[in-house]
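As structure tokens, the structure follows; a few thoughts come after it.
The values are calculated or read from the model by the stated rules, or taken from the named source; none is laboratory data. What you see is a predicted model; the values in this text were computed from it and never measured. Neighbour counts are summed over all protein chains in view; Cβ atoms, including those assigned to glycine, are modelled from backbone coordinates with ideal geometry. Note: areas computed on protein heavy atoms with side chains; ligands, DNA, RNA excluded. Shrake-Rupley method; radii C 1.70, N 1.55, O 1.52, S 1.80 Å.
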Amino acid sequence: MTAVTIPGLEHAPTNHARLLAWVQEVAELTCPDEVVWADGSQGEWDRLTKKLVDAGTFVPLKKKPNSFWAASDPTDVARVEERTYICSVREEDSGPTNNWMDPSKMKAIMTELYRGCMRGRTMYVIPFCMGPLDAEKPMLGVEITDSEYVVVSMHIMTRMGTKALALFGEDADYVPALHSLGAPLEHGQQDVQWPCNETKYISHFPETREIWSFGSGYGGNALLGKKCYSLRIASVMARDEGWLAEHMLILKLTSPENKAYYIAAAFPSACGKTNLAMLEPTIPGWKVETLGDDIAWMRFGADGRLYAVNPENGFFGVAPGTDYHTNPNAMRTIAKGNSLFTNVALTDDGDIWWEGMGEPPAHLTSWKHQDWTPDSEELSSHPNSRYCTPIEQCDIKAPEWDDPNGVPISAIFFGGRRATTIPLVTESRDWQHGTYMGATLSSETTAAAVGKTGVVRRDPMAMLPFIGYNAGDYFQHWVDLGKRADADKLPKIFYVNWFRRGEDKRFLWPGFGENSRVLKWAIERIEGKAAAQETPIGYVPTAEDLDLEGLDASREDVEAALAFDADEWRAEIPLVEEWFAKIGEKVPTTLRDELAALKQRLG
Ligand code: GTP
Ligand code: MN
Ligand code: MN
């Protein structure tokens, strides 16, 4: 058999033998027209964005420098949880919350899908590093993709190209991540604006630490450094090595006394992480700076404290609802340009618009490429439309945001979107109780994943779609880590809910910048300076305990947002029991004890 010659294959900029062999193997399987090693340069960005403009995938924005509008295929708009698999060798290691398939069976199916799937396209090899390049052990990966959209998105979201490849040496470990749109082009065939395939698989092989993705070009399905690597695969690494890979923002809060605290917070997709990460406090003297808006890797430092690093390099934020009132820092970041906007609306003068961004213009091009006016019945922007923008240009990024040692976390917030039951804020009694809060976290589903929205489901630690192994083992890992460290060095865990509603369905708490009042209370609890009431579910502040000066909300609403209602909580118990039954025998005894104790306290 003669070796296949594909242009670009012979000029690899590395001597890493395993990487070279893998690239060769994938190229022979997928049959691209050429192979290109992504270098992360400005020239590459210019070339690929131009190619995307010529293909009709991108429209350059006249009003934002170096920025582009894209609209995806209407069937390819969010993560596809139904098509996401954890292919561990043993089914029980994937667990009841994940889809599972035997790894060799999955590889056999996907190999056939990949066969010839890049015909007529370019295969890009993207070396990348999640987290700082100067980390003691840089977390490397290589994404192979046939999507230019993915390459330019990876320019923003990761440290990639030549500077990442420099860390590979000849045999560094890396996570191979294979991605294809699954849309080969016959000779002379006209491409579509958003190529993808009806058949989709987002597969993870935790034992061999590989990612195989097919059929989708969007977000978490296609930018494999993000959810696939930094959460699903990294959570398995973290289990094995004694750390945590979590769906958490990281923020720095500085008090009027100039004392800095770092807070991590886990809320399910589209439940407020990006907003909280960039919050503008409404209380005087307090300052928030951003380190990350979606993912935190947390390791114990030599001093016994938990240190967090953001593995990402950009924000991939939910667009609708973002404006100068809710998230001015995100607006200022995207205003600087160098950003991608997917599935928002395009204005006639070459800017972007979405629901929640002030008065709508008289005419727009909707994300479905249709004429849109304020009278239109459909939304101009998909609810899961996103902006993609570099952290570097965020005015309030904390200077230490890319410190390889990370930042010591004082508090962890868990939160969800619940119209009832869950008070605005509750402080856990200790780590184990906080782990129980996280493990039983619930939230109404959102548009960030395909499926029905507004349905309450358990979303443990906001990680339901991202735990790369058995959820029961994951809970045990949290419990075990808490035992490893000194209790007084562990972050304090709080449970928040910005989304409680009154009888008239209105949000009881104004949220956004006003959430700084809750952050302040949490820090004052850590400092032993604020009061709270002990309730069966933990410590809950009264309206007196919160700083409400200048808050534009009625006392009744605040009290209703803070209320602990024993009947509502009693109604929650069977749901938690059902949830634990689903996880089965792997639910840690500690958490069963927490549930039993809660039940008893509720009477
Ligand atoms: P992913 O990026 O998908 O993981 O989600 P996220 O957690 O970053 O969500 P994001 O911050 O983008 O919030 C999405 C939605 O929550 C938007 O519709 C916001 O308007 C809304 N939201 C955020 N914070 C608040 C708040 O404090 N109160 C209320 N009522 N809504 C909020
Ligand atoms: Mn997320
Ligand atoms: Mn976000």
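Restricting attention to the stretch 501-550, the residues that are open to solvent by 50 Å² or more (accessible area, probe 1.4 Å) and polar (S, T, N, Q) total 1. THR208 meets each of the listed conditions (1) within 25 Å of VAL407 (Cβ to Cβ); (2) hydroxyl-bearing (Ser, Thr, Tyr); (3) away from ligand 3 (no atom under 16 Å from the Cβ); (4) open to solvent by 10 Å² or more (accessible area, probe 1.4 Å) apart from (1). Looking across the stretch 18-48 at every residue that is under 22 Å from GLY188 (Cα atoms) and part of a helix (DSSP H, G or I), the one that is nearest to the chain's Cα centre (by Cα) is identified as LEU48. Screening THR421, THR453, THR440 for residues that are surrounded by fewer than 16 Cβ atoms within 10 Å (Cβ to Cβ), in the same structural domain as LEU251 (by the TED database) and of a type in the set (Val, Ile, Thr) leaves exactly one candidate, THR453.
Restricting LEU306, LEU291 to those that are touching a Phe, Trp or Tyr at 6+ places or on another chain (Cβ under 7 Å), open to solvent by less than 10 Å² (accessible area, probe 1.4 Å) and either away from ligand 1 (no atom under 16 Å from the Cβ) or not assigned by the TED database to the domain that holds PHE499 (or both) reduces the list to LEU306.
Any residue at all in the stretch 492-500 that is exposed (fewer than 15 other Cβ atoms within 10 Å of the Cβ), touching a helix residue (DSSP H, G or I) at 6+ places or on another chain (Cβ under 8 Å) and in contact (Cβ under 8 Å) with a residue 40 or more places away in the chain? Give the steps one after another, and end with the answer.
Applying the first criterion (exposed (fewer than 15 other Cβ atoms within 10 Å of the Cβ)) to the stretch 492-500 yields none.
Among the residues of the stretch 492-500, not one is exposed (fewer than 15 other Cβ atoms within 10 Å of the Cβ), touching a helix residue (DSSP H, G or I) at 6+ places or on another chain (Cβ under 8 Å) and in contact (Cβ under 8 Å) with a residue 40 or more places away in the chain, which makes the answer no.
A search for C-beta distances below 7 Å between a residue of the stretch 244-273 that is away from ligand 1 (no atom under 12 Å from the Cβ) and any residue that is polar (S, T, N, Q) and part of a loop (DSSP other than H, G, I, E, B), counting only pairs 6+ apart in sequence or on different chains, returns ILE250/ASN310.
Scanning the stretch 234-278 for residues that are open to solvent by 10 Å² or more (accessible area, probe 1.4 Å), within 16 Å of ligand 3 (Cβ to nearest atom), outside any helix (DSSP H, G or I) and over 23 Å from LEU224 (Cβ atoms) yields a count of 1. Within the set GLY434, GLY406, GLY415, GLY472, the sole residue that is in contact with a helix residue (DSSP H, G or I) (Cβ under 6 Å, 6 or more places away or on another chain) and crowded, with 19+ Cβ neighbours inside 10 Å turns out to be GLY472.
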